[in-house]
Amino acid sequence: MKTVVLVLAGAFLFGVTAYAHHSFASTYDLAKQVKIEGKMVQFLFRNPHSFVHVETPDGERWSIEWAGGGQLAGNGIDRNTLKVGDPVIVSGNPTRTDGEHRLRMVTLKRTTDGLTWGNREGERVD
């Protein structure tokens with residue numbers, strides 16, 4: 001009986017761990033890219049994923065999923081890098097759900113000073 005309980009507990013814990021990890025390909029269409037331009041309305045610097053919220057000139061608000069805080073910090077991005085009101089151009093992969101204004105970040109450029117992030121290796125390019 002004790003062995004059965006241990007096996008069930010282990011299976012439960014493994015299931016929780018597996019559920020916590022997800023594939024970007026299941027949420028976002030990695031074969032497509034969308035480019036948006038607008039003003040930063042929110043920057044959530046956190047783990048496991050940071051988020052940038054951008055409002056376009058036509059009033060649409062986009063939620064863009066980015067890397068985690070630790071990964072961004074390793075690439076020179078911190079919680080003070082982006083501010084509300086910053087004009088940005090973002091390219092990313094759209095969600096697979098029609099009508100959602102969500103992207104997975106591929107590149108970001110702040111137009112006031114040319115700060116850019118994206119396209120791998122060191123990610124941040126000034």
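The values are calculated or read from the model by the stated rules, or taken from the named source; none is laboratory data. Because the structure is a prediction, the values reported are computed rather than measured. Please note: Cβ atoms are built from the backbone with ideal geometry, for glycine as well, and neighbour counts cover all protein chains shown.
Annotations
- So T56, is it of a type in the set (S, T, Y) and either surrounded by 15 or more Cβ atoms within 10 Å (Cβ to Cβ) or within 13 Å of the chain's Cα centre (by Cα) (or both): no
- The listed residues are Y19, Y28, and the only one of them that is modelled with pLDDT of 90 or more and hydroxyl-bearing (S, T, Y) turns out to be Y28.
Rundown of residues vs (1) under 25 Å from S23 (Cβ atoms); (2) aromatic (F, W, Y); (3) surrounded by 13 or more Cβ atoms within 10 Å (Cβ to Cβ), yes/no style:
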site: A67; (1), (2), (3): yes, no, yes
site: T81; (1), (2), (3): no, no, yes
site: V84; (1), (2), (3): no, no, no
site: V90; (1), (2), (3): yes, no, yes
site: P94; (1), (2), (3): yes, no, yes
site: M105; (1), (2), (3): yes, no, yes
site: T112; (1), (2), (3): no, no, no
site: W117; (1), (2), (3): yes, yes, yes
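- The stretch 79-99, residues that are acidic (D, E) and either part of a strand (DSSP E or B) or at pLDDT 95 or above (or both): D86
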